[in-house]
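Heads up, the thing below is written out as structure tokens.
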Amino acid sequence: METRYIHTVQYYETDKMGITHHSNYIRWMEEARVDFLKKIGWDYDKLEALGVFSPVLSVECRYKAPTAFAEEVNITVAVTEFRGVKLKIRYTMTNAKGRVVCEGVSEHGFLNAEGRPPALGPRAAGALPPADAPGGGAGAAKRGRKRLLFLLPLLLVLLAGAAVLVRNPHYLYVAGEYLGLNCRRIERRQVEPEGLVSVTLEELEGEENVRFDQSLLLVSAAHPLPEDFVPDVTEYRDSGVYMNNCMQEAFAALSDAVREHGESGLYVSSDFRTRAQQEEEYAADPALAALPGSSEHEAGLALDVYVRYFAGYAFHKSRGGQFVGRNGWKYGFILRYPSFGEKETGITYEPWHIRYVGQPHASLIYNGHTTLEGYIDSLHEGVWYEAQGYRFCRQRPRDGALLLPEERAGAVVSPDNTGCYIVTIPNEGAA
Ligand SMILES: [Zn+2]
């Protein structure tokens, strides 16, 4: 903001030689300043009515050329600095030929009647300069600027965030899963079944209503599969895809659900691997493939899945990928290497690697926002739990026997590869 003010040199302002006395220039600066403040609606009367005074803190004058009686001096006034309680004004005086005759600077403060910097409240609004003028009332301007300084970075971050989300909507999904926002409360309580009896594993294998499977094997670098491990694997629906028998039905159900959610199908890029195949994979890329013996693919319990156009990390950008991540547990599957689980699994996030564990374990792992490691660790040996219509217990066999309730129709027994077995019994009997 800049204004012009014209002063005509008076006779009494000149000396005997007709030249303007130097002290006058400072008075002209004041005339021009009062005019300037009036033009921007910030006149002295208004400030004083508010109890605000504006003392001059300093004045500086550089004389460039003389002026004489009756000459018109053009004074340009501009604010060069405004810091709420301090205002700095620059004056440029030129003669009729446009030549600079004097340059000045004045500094002004704002004080209330007590001699302190004033707190200019909303009351001062009428006395404040318009938006393009040097600023608001001193205190209000300072507060406003402080607020702006605080809000501006926040606003910028929000805007940048919104722009990123528009381009990468899947970040919301990833963040939600990382934080467990989709987890439900699922109660797991400790129970004490009556009349537990000791049953040897051999006897148990002979029982018609009891099924052994491999669904809860913990397979990792810390818990490699035994050398003599025999995977319980067959081909899935003549597809050329081999997977553990315990998950064939569940995979069919998950696959159908993914199709219902707008995908052409759930495809498998990596299924069961023999030890020899895992050794090959590991030799090809030790950074990506697990150490032979420590891959769930060798038990046929894991599948690397994708949908059309979305494989690998891109899987979680797809509707199908997000459905699998959020709802796979309803079908007995978990993401074995969730984004939040690297500390426990030792493996970075793999949105494509799904693992079957069955019910109610998949429900408890997903909704408990934990990993298979964390979950198995949470099952205290010999303690019976109840959740989702199942009773289950993790036990270390004693003399080749487990302690089981007499009523155990429909029980599923799986070794967990830590030397224990996990027995899961549906409350309603055989399902
Ligand atoms: Zn995998």
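Against the chain, whose longest principal axis comes from its Cα atoms, helix 23-39 is set at around 50 degrees. For Val77, the shell of other residues with beta-carbons less than 13 Å away shows a net charge of +1, using +1 for Lys and Arg and -1 for Asp and Glu. Relative contact order (percent) for the chain, with alpha-carbon contacts under 8 angstrom and 6 or more residues of separation? This gives 14 percent for the chain.
Values of log10 I(q)/I(0) for the chain across q = 0.08, 0.12, 0.13, 0.14 Å⁻¹ run -0.61, -0.98, -1.10, -1.22, by the Debye formula with one identical scatterer at each alpha carbon and no solvent. Considering only Phe392, Ala252, Gly320, the residue lying farthest towards the positive end of the dipole of the chain is Gly320, judged by Cα position with unit charges set on Cβ. Between Leu148 and Ala96, the distance separating the two model label sites (each 7 Å from Cα on the Cα→Cβ line) works out to 4.3 nm.
Straight-distance candidates among the aspartates and glutamates for linking to Lys343, with alpha-carbon spacing under 19 Å and chain neighbours fewer than 8 residues away dropped: Glu177, Glu296, Glu373, Asp377. Based on the alpha-carbon gyration tensor of region 374-428 and its eigenvalue square roots a ≥ b ≥ c, which shape applies: rounded if a/c is under 1.5, prolate if not and a/b is larger than b/c, or oblate? Cα axes put region 374-428 in the oblate bin. Enter the Cα centre distance for the pair region 300-340 and region 361-420, rounded to the nearest angstrom. Using only Cα atoms, the two centres lie 25 Å from each other.
Given the chain, what percent of its DSSP beta bridges are antiparallel, to the nearest 5? Numbers along the way, then the final one.
On the way: 71 of 74 bridges.
Once the DSSP bridges in the chain are tallied, antiparallel ones form about 95 percent.
Peptide packing: for 388-398, 144-154, the average count of neighbouring Cβ atoms within 10 Å per residue gives the ranking 388-398, 144-154, highest mean first.
In terms of the Cα gyration tensor, with a ≥ b ≥ c the square roots of its eigenvalues, is region 193-304 rounded because a/c is under 1.5, prolate because a/b exceeds b/c, or oblate? In terms of gyration-tensor shape, oblate. Within region 289-326, list the residues whose amide N lies under 16 Å from a label point set 7 Å along Cα→Cβ of Arg275. In region 289-326, the label zone of Arg275 (backbone N under 16 Å from the point 7 Å along Cα→Cβ) covers 291-300.
Could you tell me the relative contact order of region 24-93? Use alpha-carbon pairs under 8 Å, at least six residues apart, and round to a whole percent.
On the way: 45 pairs, mean separation 18.5, N = 70.
Across region 24-93, relative contact order equals 26 percent.
Sorted on the mean count of surrounding Cβ atoms within 10 Å across their residues, most packed first, peptides 88-98, 62-72 read 88-98, 62-72.
The modelled label-to-label distance for the pair Val230/Val85, using points 7 Å beyond Cα in the direction of Cβ, is 8.8 nm.
Using Cα pairs under 8 angstrom and six or more residues apart, how large is the relative contact order of region 174-426, in percent?
Values: 486 pairs, mean separation 70.1, N = 253.
That works out to 28 percent.
Quick check: from the Cα gyration tensor, does region 174-426 come out rounded (a/c under 1.5), prolate or oblate? Taking the square roots of the gyration eigenvalues as a ≥ b ≥ c, region 174-426 is prolate.
Quick one: net charge around Thr345, please, counting Lys, Arg +1 and Asp, Glu -1 for every other residue with C-beta under 10 Å from its C-beta.
Numbers: positive: Arg336, Lys343; negative: Glu342, Glu344, Glu350, Glu373.
Charge balance in the 10 Å sphere: -2.
A helix-only calculation puts the chain at -8500 deg cm²/dmol for mean residue ellipticity at 222 nm, using -39500 (n - 2.57) for each DSSP H run of at least four residues, averaged over all residues.
No lab work stands behind these numbers, since they all come straight from the coordinates. Everything quoted here is computed from the prediction, not taken from an experiment. Using ideal geometry, Cβ is built from the backbone for each residue, glycine included, and neighbour counts are taken over all protein chains shown.
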